[in-house]
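One structure is given here, and the rest of the page talks about it.
Just so it is clear, none of the values below were taken in a lab; they were calculated from the coordinates. Being a predicted model, the structure only gives us computed values, none of them experimental. Because the Cβ atoms are built from the backbone with ideal geometry, glycine has one as well, and the counts that use them run over all protein chains shown.
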Amino acid sequence: MRTFLRDIWRDRTSYLMVAPFAICFFIFIVLPVLGAIGLSFTTYNMVQAPKFVGLANYVTLFTEDDIFMTHVLPNTFTFALLVGPGGYILAFFLAWLIAQLPGKIRTVLSLALYTPSMASGVAMSAIWLVVFSGDRVGYLNSFLLGLGVINEPINWVHSEQWLMPVMVIVTLWGSMGVGFLAMMAGILNVDPQLYEAGRIDGVKNRLQEIYYITIPSVKPQMLFGAVMSIVNTLQAGAIGVTLSGQNPTPQYAGQLILNHIDDFAFQRFEMGYAAAISVVLLFIVYFSSKLAWALFGEREDA
Amino acid sequence: MSKMDRTQIVLTIMLTGLAAFMLLPIVFIFMQAFKPLSELFLYPPRFYVMNPTLQNFTQLLMTVDAAVVPAVRYIFNSVVVSVVAVAVVVLVSTLASYALSKHQFRGRNMLLDLTIIALMFAPQAVLIPRYLIIQRLNLIDTYIAHILPFVAAPVSVFLLKQFIDQAPNELLDAARIDGANEWAIVFRVIMPICRPAVSTVALLTFQMVWNNMEPSIYFIENEALRTLPFFLGTLTSGLANNVAGQGAAAAASLLVFVPNLIFFLFQQSKVIQTMAHSGIK
């Protein structure tokens, strides 16, 4: 005990330095996660005190919540697979292509691809709403009508059939963010001698080069990129509501887990139930990142 | 330039096409923001603006009505919140990542592991407990509610730590021999040599706070304390089938987007330099 306290006192500068971060980290990240887990075992309407109900929320979620099982969960998986791994592979591929080009062109192109990621979310909803506007004046409708591809204007963001594709395209458009830059920087830093050596050892074409040399060398950046892509996918979860302007989205076509949480928390004030959905979401995120770690991590225990 | 082979030329053309296509929506918002009302109502719609005007901006910024909060107020709030948040996050994250990188102390490894796990933390998933915490701390309707949640920034701490790891220990020891204490080392040695990472963290924080409308929705009830993205959100809701508001909304979108772009263009080389060290090992 004495040595423990002495250690603390000896390292007091270090503790002071990490304290502001550690305290905020605890209050705004650790505590909310614990809080969500705690609330998920209760019913709570923000007026009366929470009442303990055991696993009832989870049982309801998986056995009685038809909207969750038939719309929200399948939507989330479709969206997450296309935007997550899909966007990630696209980002790696584009980063690799751009890295093959000489310096000046490379910089300009990577800036151009990165720019949309700064315009994600609400900043650009004004664009999408005009482009995908449901009447003839909408740019996409007017363009397709002009080409004769369609005869009737399509109400893109309010249609059960089109809302999801629009969400995926808009999100992919803005997904060449920090992860993309990280992977490109990683690819550019691969020692050219490795490629030289590879050629001597019988690496025949570019694809083999990517598989045997580039990917193993860039693994740490790819892991960072993967983690960023998981976070971005999650953050994009509000896009359906932003585009269609309503929660729930039309016929639940664009309803993702995040919207379902919002719906129950801030419209029906069933905080306990909403918390149970958040816990499920946290689990999904945690296991996706475990998967990313298994694929790209070099450390077994992380 | 002269040394490009044929594959590179084909590749350049293809990627330039893609980049141009991806920039179309951005160009579009610029066009839209400067269109007079007559061109916004045009059918069929025209991409280019013929008679650019500042009408949308004046309409947006000059509307003063006692009943509603003027747009300038939202802009002011956004500027204050973003500037303070950037300063605080840079300071707090640099101090923490220096200690995590160069010091040994009890609990260091645990905090580091937690930080790395928290890289994938998305605050949206736990909005309810966050809201309850802000409420308990009596921070509803304060500027602090806009700022403090962002100070828990695992990505910033992680990026800075990866960069500080590269700083040679001999340099720090030399500074210590010259009589510098640990705080002086952070401000006089670490901050200057880690400029690229510090700039990157400043940029990422700015983008996150400047574009974020969540605190305004959930933690702020007083309209006069809400920020620009929230204001933009009110302008664009229900816009899909309404042409009249599109000019003002486009102008407001530009006001949100352009600061991001300018900040990034100034910092881009430093950002790419930092990202080379972003690998998780």
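Select from region B:84-107 the residues that are more than 7 Å from chain A (Cβ to nearest Cβ) and touching a residue at least 40 places away in the same chain (Cβ under 8 Å) and list them in ascending order. Steps first, answer last, please.
Residues of region B:84-107 more than 7 Å from chain A (Cβ to nearest Cβ): B:84-91, B:94, B:97, B:101-102, B:104, B:107.
Once the filter is applied, which keeps residues that are more than 7 Å from chain A (Cβ to nearest Cβ) and touching a residue at least 40 places away in the same chain (Cβ under 8 Å), region B:84-107 yields B:V84, B:A85, B:V86, B:V88, B:V89, B:V90, B:T94, B:S97, B:S101, B:K102.
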A:L34 vs. criteria part of a helix (DSSP H, G or I), under 30 Å from A:E160 (Cβ atoms) and either hydrophobic (A, V, I, L, M, F, W, C) or at the interface with chain B (Cβ under 9 Å from one of its Cβ atoms) (or both): no
Selection count where residues are under 16 Å from A:W96 (Cβ atoms), touching a helix residue (DSSP H, G or I) at 6+ places or on another chain (Cβ under 7 Å) and without any contact (Cβ under 8 Å) to a residue 40 or more places away in the chain, scope region A:216-253: 3
In region A:260-271, the residues that are more than 9 Å from chain B (Cβ to nearest Cβ) and touching a residue at least 40 places away in the same chain (Cβ under 8 Å): A:H260, A:F269, A:E270
Helices (runs of 4 or more DSSP H) contained entirely in region A:90-167, each with at least 3 residues that are under 21 Å from B:P259 (Cβ atoms), within 20 Å of the chain's Cα centre (by Cα) and touching a residue at least 24 places away in the same chain (Cβ under 8 Å): A:103-118
Matching residues in region B:131-146 - criterion: being surrounded by fewer than 22 Cβ atoms within 10 Å (Cβ to Cβ) and more than 9 Å from chain A (Cβ to nearest Cβ): B:Q135, B:R136, B:N138, B:L139, B:I140, B:D141, B:T142, B:Y143, B:I144
Residues that are outside any helix (DSSP H, G or I) and surrounded by 24 or more Cβ atoms within 10 Å (Cβ to Cβ), drawn from region A:231-271: A:T249, A:G254, A:Q255, A:L256
Test: residue in region B:223-238 that is in a loop (DSSP other than H, G, I, E, B) and over 29 Å from B:L23 (Cβ atoms): yes
Selected residue [free of Cβ contacts under 8 Å to residues at least 60 places away in the same chain, surrounded by fewer than 11 Cβ atoms within 10 Å (Cβ to Cβ) and within 8 Å of chain B (Cβ to nearest Cβ)] from A:F25, A:F21, A:F4: A:F4
